[in-house]
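Inspection log for the structure reproduced underneath, given as structure tokens.
The values are calculated or read from the model by the stated rules, or taken from the named source; none is laboratory data. Keep in mind that this is a model prediction, so the values were computed, not measured. Neighbour counts run over all protein chains shown; Cβ positions are idealised from the backbone, glycine included. Ligands, DNA and RNA are stripped out before the accessible areas are found, and what is left, the full protein with its side chains, is counted by its heavy atoms. Shrake-Rupley method; radii C 1.70, N 1.55, O 1.52, S 1.80 Å.
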Amino acid sequence: MRLCFSKMASMSEESDNKRGWMLSVLLLSALGLLFAAWAWLEHISSVNLPQGEYAVLAQGEALPLDIELQALAEREESWMPVTLPFHWRNRFADTRAVWYRLRLPLSALSNLHGVTADTVWGFYVWRLNQTADVWLNGQKIGSGGNTGEPMARYWNSPLYFEFPASQLRPQNEILIKHYSQHGWGSMEPVVLASSAVLKPLYASRSFVQHDVAQGLFVFVLVTGLFSFTVWFYRRREIEYLWFAVASAALSVYCLNQFLRYLPVGADTWRWVTNISVDLWAYALLIFILRSLQVRKPRVEKMALFYLLFGVALYFYASFYQAFDINIYYHLGSLLLGVYVFFVCLALYRQEHKILPLFYCCAIALMFVAGVHDTVMQAVLNNGWLGGAEPEFQNHFNSLHFAAPVIFMFLGASLIKRFIASMNAADSLNAQLETRIAQARLELEENYRAIEEVLIRQSASEERERIYRDLHDDVGSKLLSLYYRLEKESDSILAKSALEDLRDIVSRKSLESCVLHNAVQQWHQETSERVADAGVMLIWNADAVKEEHMLSELQYTQLRRMLREVLSNALLHSRGITQIQVRMDVTSGTLGISVANDGAPKPVSAWRSGRGISNLRVRTRDLGGEFSLVDREGSWVEVTWRVPLGSGEGEGVGADTHS
């Protein structure tokens with residue numbers, strides 16, 4: 001026994017180790033896939049150009065004044081040195097525009113590889129908050145869009161302009177008027193190179209940060225509408241409503257990545273987008289719990305409080321420019337992700353189902369992306385860890401790339417529902433087939449019963465016709481014969497035949513008869529016959545007290561057997577003086593015994609006639625036993641014992657021994 005338990009424990013431990021190993025492999029594979037995709041996107045959008053093909057301008061001067069180009073000459077003494085990347089909040093917190101002046105000798109460009117006199121040059125800034133206009137040697141080479149309200153937004157997009165080589169001078173001056181709101185502007189270093197080098201880089205970067213975000217926005221919005229439609233027609237499956245809410249929140253986040261001009265005020269939009277991040281995390285939490293049929297009331301209430309408190313907190317942070325609060329508070333959404341990860345992990349270990357494991361992998365991917373985006377925004381937009389900013393130069397927001405993962409959430413849930421529905425359908429089909437088979441059997445039984453009733457009805461009608469013919473023809477002749485016969489034995493036989501005929505003709509078809517009532521009828525008939533013959537009758541049926549039911553066949557056969565025995569006793573016994581009839585019920589069987597004196601010879605010397613044969617056959621048909629024995633003196637006794645049953649179906653067969 002101990003060895004058996006030891007083997008079972010060992011097998012269980014080995015199974016747990018295999019599941020743990022599989023979970024680790026899946027998580028590492030998911031993270032590896034994320035980092036591989038991330039590295040590829042970063043590669044195609046990075047400034048990974050060979051040395052000597054581009055120039056980077058990071059040293060310059062800044063003037064924190066919202067003035068026109070012509071007024072700059074009057075502020076020459078106000079310029080101050082800066083190094084890009086540069087965040088306003090560190091020095092210019094109260095302005096909406098800052099001028100940058102970058103100086104570039106022609107020699108710095110002429111030494112670049114592949115440069116000719118006809119080279120078209122490119123001006124490239126991989127990220128800035130929020131927009132800018134650019135001049136080269138006093139001529140405007142590009143504008144980022146509207147600088148009023150609504151202000152153009154390049155916070156998540158690169159800025160690129162082209163200019164011809166003819167605009168260059170031996171000493172070049174680049175002026176950038178940088179616009180932002182609430183003193184939260186940030187400017188990255190400027191890259192100059194030929195358009196053949198920079199334009200593909202700009203196109204790939206714009207595709208990753210702008211175009212992909214547009215496609216994901218449509219994708220997530222359509223997915224959310226689909227999920228809402230599923231919930232609308234299946235209101236009990238509330239998880240699809242929460243998935244639609246999560247999709248709507250993520251679509252706002254995706255929209256924020258590429259939207260150039262805001263439909264509402266900047267403060268209101270910042271408030272809404274920050275709420276959408278936490279709403280997305282909360283709705284995903286509820287969706288996962290509902291789809292896994294897990295209830296965590298206390299945690300759900302705490303998460304709802306976190307969400308509602310964030311609405312008020314983000315309002316204060318957005319309208320009173322306390323933007324650092326947003327970074328801190330979004331950590332709560334990351335904690336929700338950690339919590340639901342461990343819930344799914346625990347459920348997988350308990351039930352060993354694939355859906356919680358899939359959720360673990362997806363949540364791990366989104367958690368890594370969320371941590372990356374939170375740190376990147378803290379560094380690039382809020383100016384945290386100033387020395388770390390170059391490390392994020394080629395990075396971009398990646399949380400919205402979780403949209404396909406979100407779609408897989410819904411797909412996995414729908415597949416789970418589909419499989420469950422198919423299993424339920426198979427079960428219902430099996431039940432339906434069983435019920436159909438049962439109904440078919442019932443119909444067949446009903447058909448047989450109806451057929452039997454019709455047969456019985458037809459037989460009854462034919463019997464009634466025969467009864468009428470017997471009554472009209474044979475009955476009248478037997479009556480005439482009875483009155484004409486002079487011999488007593490012949491008269492008794494004729495009277496018995498007449499009584500049998502009268503009974504056959506006058507009887508109604510009955511389904512059953514109570515044994516006690518039948519015994520009373522037999523007693524009355526026997527008394528009349530024996531009295532007419534001048535013989536004493538001793539009737540003993542006191543033991544028949546139970547209310548047993550006799551079928552029509554049982555009643556008819558027993559009555560005919562009793563008549564046959566009485567007729568034989570009265571006709572064939574010489575000097576008969578007494579007949580004894582005894583009836584009893586024992587162990588569900590009815591016993592009838594008829595004895596009489598005056599037997600002319602022993603039973604062994606009797607010649608078997610049709611009457612005795614019919615008695616034996618009738619007893620056999622009723623499933624009973626028959627005996628004919630001698631008693632002391634000249635007495636003879638006939639006994640038959642038959643089982644008393646419900647008699648169902650016995651009345652169908654016709655009496656073939658009349």
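A few remarks follow.
- The label point for GLU547 and the one for TYR328, both projected 7 Å from the Cα toward the Cβ, are 9.1 nm apart.
- For the stretch 47-173, the share of accessible area belonging to carbon and sulfur comes to 49 percent (1.4 Å probe, ligands and nucleic acids excluded).
- Accessible-area value, TRP231, 1.4 Å probe, nucleic acids and ligands omitted, Å²: 40 Å²
- For GLU564, solvent-accessible area (1.4 Å; no DNA, RNA or ligand), Å²: 60 Å²
- Applying 0.36 nm per residue to the separation of GLU53 and VAL218 and subtracting their alpha-carbon distance, the gain on full extension is 55.6 nm.
- Oblate is the label for the stretch 540-588, because a/c, from the alpha-carbon gyration tensor with a ≥ b ≥ c as root eigenvalues, is 1.5 or above and a/b does not exceed b/c.
- Surface listing: GLU552, GLU188, GLU547, GLU452 arranged by accessible area from highest to lowest gives GLU547, GLU452, GLU552, GLU188, probe 1.4 Å.
- Summarising the amide proton neighbourhood of SER157: residues at separation of 5 or more, or on other chains, whose placed amide H is nearer than 5 Å comprise LEU128.
- In the stretch 514-585, the portion of solvent-accessible area held by carbon and sulfur atoms comes to 47 percent [1.4 Å probe, whole percent, DNA, RNA and ligands not counted].
- Sorting VAL368, VAL544 by accessible area puts them as VAL368, VAL544; the probe is 1.4 Å, largest comes first, and only protein heavy atoms count.
- Segment ARG463-PHE232, extension gain: residue separation times 0.36 nm, minus the distance between their alpha carbons: 76.2 nm
- Accessible area in the full protein assembly, largest first, 1.4 Å probe, for LYS296, LYS301: LYS301, LYS296
- Accessible-area value, PHE401, 1.4 Å probe, nucleic acids and ligands omitted, Å²: 50 Å²
- Fraction of accessible area attributable to carbon and sulfur, the stretch 587-634 (%, probe 1.4 Å): 46 percent
- Other residues with beta-carbon under 13 Å from the beta-carbon of ASP630 carry, at +1 per Lys or Arg and -1 per Asp or Glu, a net charge of -1.
- Once the Cα-Cα distance is subtracted from the 0.36 nm per residue extended length, the ASP532 to ALA108 segment shows a gain of 137.2 nm.
- Shape category assigned to the stretch 124-215 from the gyration tensor of Cα positions, a/c cut at 1.5: oblate
- Note on SER587/ASP630: beta-carbon distance plugged into 1/(1 + (r/R0)^6) with R0 of 25 Å gives a FRET efficiency of 0.40.
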